[in-house]
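Peer 1: Encoded as structure tokens, here's the structure I'll be asking about.
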Amino acid sequence: MTGDVKQRFSQYAHGYVTSETHSQGHDLDRLIELAQPQPDWVVLDVATGGGHTALKFAPHVAKVIASDFAPPMLAEAKAFIESKGVTKIEFADVDAENMPYPDATFDLVTCRVAPHHFADAFKFVQEAARVLKPGGLLLVQDHLNPDDDKAAEYLEAFERLRDPSHNRVFNSYEWQGLYLDAGLTVEHWERISREASFTKWVERQDCPPEVRERLEIMMIQAPDPVKEWMNFQCAGTPDATLDHAYIIILGKKPM
């Protein structure tokens, strides 16, 4: 991961702990449904952010390691989780692309709404596959791009304007390819969408007024395929909303 990512998420760590987008939603329940965690499992949550995924899985497994590359983010997650009285979660400073764990250590690796910041998402998938036990699962939720290349390019520019640490979002075929190339069998994938307040979205990254204005213009002037994908509503007004499209993809390491 890059230093820019580490610095930016260190700066805005608390906002990701309190963010409704990251802390709430049916998608967290869906991750549990898909993984079907077992009481003896050891789980690694990569780029844990506010710790919400780790907290969701902890009651269902033996142990969760909540890891992050930004120490202030990890400290915020630790404080948040410990305030809940949860004791089955350990915390570790881990680079998603260079994990300090032996082969075949974990039953499940999770990563939620983070790989689009990774410098090399494929290296992350490879590392996850390496540290999984035979039969272990990699469960990822991240932003999803449409198959339309021009629409995807527009969305990448839109996201990077709001957050310069944004690196790359993949479409569904690309995600499946990352899994297959790392030796994982794709067991399931699906697209989900969540509506977000534009105001809260820009405030989470403390966007200055000139950036917010440019983002609003991009929403208003977006090509139709982009408007349909993001479902922009009330652009340029205090009530503006957008939909975040996500992929949830589950892969299995061969026995």
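The values are calculated or read from the model by the stated rules, or taken from the named source; none is laboratory data. None of the values given here were measured: they were computed from a predicted structure. A quick note on method: Cβ atoms are made from the backbone with ideal geometry, for glycine too, and the neighbour counts reach across all protein chains shown.
Peer 1: Taking the residues in the range 106-134 that are more than 9 Å from the chain's Cα centre (by Cα) and among the basic types (Lys, Arg) as candidates, determine which candidate is farthest from residue 168 (Cα to Cα).
Peer 2: Of everything passing the filter in the range 106-134, 133 is farthest from residue 168 (Cα to Cα).
Peer 1: Something else now. Give the residue, chosen from 137, 144, 180, that is within 30 Å of residue 104 (Cα to Cα) and without any contact (Cβ under 8 Å) to a residue 24 or more places away in the chain.
Peer 2: Checking each option against the conditions leaves just 180.
Quick grid of which residues meet (1) crowded, with 24+ Cβ neighbours inside 10 Å; (2) of a type in the set (A, V, I, L, M, F, W, C); (3) modelled with pLDDT under 95; (4) more than 30 Å from residue 158 (Cβ to Cβ):
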residue	(1), (2), (3), (4)
69	yes, yes, yes, no
104	no, yes, no, yes
116	no, no, no, no
124	yes, yes, no, no
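Peer 1: So is residue 173 of a type outside the set (A, V, I, L, M), surrounded by fewer than 15 Cβ atoms within 10 Å (Cβ to Cβ), closer than 30 Å to residue 127 by Cα and at pLDDT 95 or above or not?
Peer 2: Yes.
Peer 1: Also, quick follow-up: Tally up the residues in the range 30-50 that are within 18 Å of residue 66 (Cα to Cα), modelled with pLDDT of 95 or more and either in contact with a Ser or Thr (Cβ under 9 Å, 6 or more places away or on another chain) or of a type in the set (D, E, K, R) (or both), please.
Peer 2: The number of residues fulfilling the criteria is 10.
Peer 1: If I ask for residues that are assigned to a helix (DSSP H, G or I), under 23 Å from the mean Cα position of the chain (by Cα) and either farther than 27 Å from residue 191 by Cβ or free of Cβ contacts under 8 Å to residues at least 60 places away in the same chain (or both), which ones from the range 220-231 would you list?
Peer 2: Result: 227, 228.
Peer 1: For residue 179, state whether it is modelled with pLDDT of 95 or more, among the aromatic types (Phe, Trp, Tyr) and in contact with an Asp or Glu (Cβ under 9 Å, 6 or more places away or on another chain).
Peer 2: No.
Peer 1: Only one of (1) loosely packed, with under 15 Cβ neighbours inside 10 Å; (2) in contact (Cβ under 8 Å) with a residue 40 or more places away in the chain fails for residue 192. Which number is that?
Peer 2: Single failed check for residue 192: (1).
Peer 1: Those residues that are acidic (Asp, Glu) and either buried (at least 24 other Cβ atoms within 10 Å of the Cβ) or at positive phi (or both), I need them from the range 31-67; list them, please.
Peer 2: Selection gives 45 alone.
Peer 1: Looking only at the range 136-159, how many residues end up being more than 28 Å from residue 54 (Cβ to Cβ), surrounded by fewer than 20 Cβ atoms within 10 Å (Cβ to Cβ) and in contact with a His (Cβ under 9 Å, 6 or more places away or on another chain)?
Peer 2: Count: 1.
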